[in-house]
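All of the numbers you see were taken from the coordinates with simple rules; none came from a lab. It should be emphasised that the depicted structure is a prediction, and the values quoted were computed from it without experimental measurement. Here the Cβ is made from the backbone with ideal geometry for all residues, glycine too, and neighbour counts use every protein chain on show.
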Amino acid sequence: MQCPESLRVQAYVDGEVDALGSADIERHLEHCAECREQHAHVEALRARLRPLASKAPAPEALRQRARQLLHMEDAGRGSYGRRLRPRFTAWSFWSGAGSGFAAATIAAVCVYFAVTPTASNRMVDEVLGAHVGALMSGHLLAVESTDHHTVKPWFAGRTEVSPVVVDFAADGYALKGGRVDTLDHQRAAVLIYQHGRHIIDVYCWTVPAGVLPGNVTRRGYHLAFWRSGDLAYAAVSDTAWSELLGLRNLLQSQRSNDPPT
């Protein structure tokens, strides 16, 4: 299984991590050969592309086409704000680019970002990045309680959504509490459940109709998306699909009879 810090290493290279997080990642790089290799690859790629871009800026026609493609993608999927960029492994492609083909290389970069599904699925990246970041930081819980009378009211004033909050301990899914994360420039409510030795985060926020991804597996984590009325939900964990979908089904069954607060 890929090191769960790989997303944060990419964010570190891109300058998207604060000073405290950067120091943490630098300590991690001292002990993780896989992440050191990833860091070296990304830095080598940046070093190769930087002089090419300065010698031959992309033509305005190419820039306009890239804008059109990104606008079309955002119109179809919605705008999901900042994201952690996924790791790319097609290094042989980049290593073959020479200075005489700078414009073609830049064009290929634009096309790759525009048409590669895993690169363009920003919502999946955001949810997974938030989940992994919380696991790695150890800041899973802002309110710790198994009582929905405590957890559900805690979200009032902290988010603009009111999620279904139920403790399913009798079914093997124990409510541990909640926290708030940022998705699509808004504060999302996050419920934390424990199933056996696995942590399951359940995110609740609002997105336009028709833009939720399908269920997906990414970097060893499963992500299930669904709607309940005008709210969007996503459950993410490294547990088995059947176990993750079991919690989803329990939450969906409560949408019409969420216990009163």
Exercise. Hey, what do the phi angles of region 150-162 turn into as Karplus ³J(HN,Hα) couplings, whole Hz, using 6.51/-1.76/1.60 and θ = phi - 60°, x for Gly and Pro?
Worked result: 8, 6, 4, x, 4, 6, 4, x, 9, 9, 9, 10, 10
Problem set entry | Relative pair counts by distance (%), Cα atoms of region 1-40, 10 Å bins | 33, 60, 6
Problem set entry | Amide H within-cut-off set for GLY177, under 5 Å, with H built and near neighbours excluded | SER145, ILE192
For this session: Could you go through region 224-238 in sequence order and give the Karplus-derived ³J(HN,Hα) for each residue, using 6.51 cos²θ - 1.76 cosθ + 1.60 with θ = phi - 60°, rounded to whole Hz, and x for Gly and Pro?
Result: 10, 10, 7, 10, 9, x, 9, 9, 9, 10, 9, 10, 9, 5, 9
Exercise. For region 149-186, list residues with backbone N below 14 Å from a point placed 7 Å from the Cα of SER137 toward its Cβ?
Worked result: 179-183
